[in-house]
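The values are calculated or read from the model by the stated rules, or taken from the named source; none is laboratory data. For clarity, every value in this text was computed on a predicted model and none was experimentally measured. Here the Cβ positions follow ideal geometry from the backbone for every residue, glycine too, while neighbour counts run over all protein chains shown.
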């Protein structure tokens, strides 16, 4: 019985860590737990920020989490249940796949022509791009990046906090190519008015 309990506790700790890896940040503030609660609501699961705080040890709790709580968190990572998560995961393996949990934008469907985005990524990179339509962009201004004003490229999906993959980057004197912004820490975007 003790071994089974230890296995469940190890899997629970791994589950919480994998959620933080997908979120790309340690969950440690009330705002973090509210965000996670909102993400779960989008899936149809109702877990309060208080329940999540207890699970993460932000608030003291002597009780074991409900199976439905662990199932909902496992489903957030693409597993059918906590049992499935336990069977598919081990503490030594790296997550080969994980859901993208940040806000996203599909430029072709969600942006009008001439709408602009501010992109930022580490270390200290900043770029303003203008949508030309059909997922095509032109760089209007940039700081500390290889993307230069006047460069054009295509991008069909931008996920906040994830690397941004662009295609058909056209730069003066060079062949069109692919390019990745924010490969290590992801890109953040803001729709400009």
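Remark: pairs (first residue in segment 34-56, free of Cβ contacts under 8 Å to residues at least 12 places away in the same chain; second residue surrounded by 18 or more Cβ atoms within 10 Å (Cβ to Cβ) and assigned to a helix (DSSP H, G or I); Cβ separation under 6 Å; 6+ apart in sequence or on different chains) are absent. Just one of the listed residues (46, 67) is farther than 26 Å from residue 159 by Cα, touching a helix residue (DSSP H, G or I) at 6+ places or on another chain (Cβ under 9 Å) and either in the same structural domain as residue 185 (by TED's automatic domain parsing) or at pLDDT 85 or above (or both), and it is 67. Report every pair of residues separated by at least 6 positions or lying on different chains whose Cβ atoms are under 8 Å apart, first residue within segment 106-129 and at positive phi, second in a loop (DSSP other than H, G, I, E, B) and modelled with pLDDT under 95. Listed pairs, sorted by first residue: 124/144.
Yes or no: residue 96 surrounded by fewer than 18 Cβ atoms within 10 Å (Cβ to Cβ), modelled with pLDDT under 80 and not assigned by TED's automatic domain parsing to the domain that holds residue 25? Against the criterion (surrounded by fewer than 18 Cβ atoms within 10 Å (Cβ to Cβ), modelled with pLDDT under 80 and not assigned by TED's automatic domain parsing to the domain that holds residue 25), residue 96 qualifies. Tell me, please, whether a residue that is surrounded by 11 or more Cβ atoms within 10 Å (Cβ to Cβ), modelled with pLDDT under 80 and touching a helix residue (DSSP H, G or I) at 6+ places or on another chain (Cβ under 8 Å) can be found in segment 49-64. Within segment 49-64, one or more residues are surrounded by 11 or more Cβ atoms within 10 Å (Cβ to Cβ), modelled with pLDDT under 80 and touching a helix residue (DSSP H, G or I) at 6+ places or on another chain (Cβ under 8 Å). Inspection of segment 21-33 identifies at least one residue that is in contact with a strand residue (DSSP E or B) (Cβ under 9 Å, 6 or more places away or on another chain) and modelled with pLDDT under 90. Among the residues of segment 138-155, not a single one is surrounded by fewer than 18 Cβ atoms within 10 Å (Cβ to Cβ) and touching a helix residue (DSSP H, G or I) at 6+ places or on another chain (Cβ under 7 Å).
A Cβ distance below 9 Å, combined with a sequence gap of six or more or placement on separate chains, defines the contacts here; from segment 164-183, residues that are on the phi > 0 side of the Ramachandran plot reach residues that are loosely packed, with under 12 Cβ neighbours inside 10 Å and assigned to a strand (DSSP E or B) in the pairs 168/178. Selection within segment 171-189: residues that are more than 16 Å from the chain's Cα centre (by Cα) and in a loop (DSSP other than H, G, I, E, B). The member of this set that is surrounded by the fewest Cβ atoms within 10 Å (Cβ to Cβ) is 173.
When the test is whether a residue is within 20 Å of residue 177 (Cα to Cα), touching a strand residue (DSSP E or B) at 6+ places or on another chain (Cβ under 8 Å) and either assigned to a loop (DSSP other than H, G, I, E, B) or in the same structural domain as residue 177 (by TED's automatic domain parsing) (or both), residue 147 passes it.
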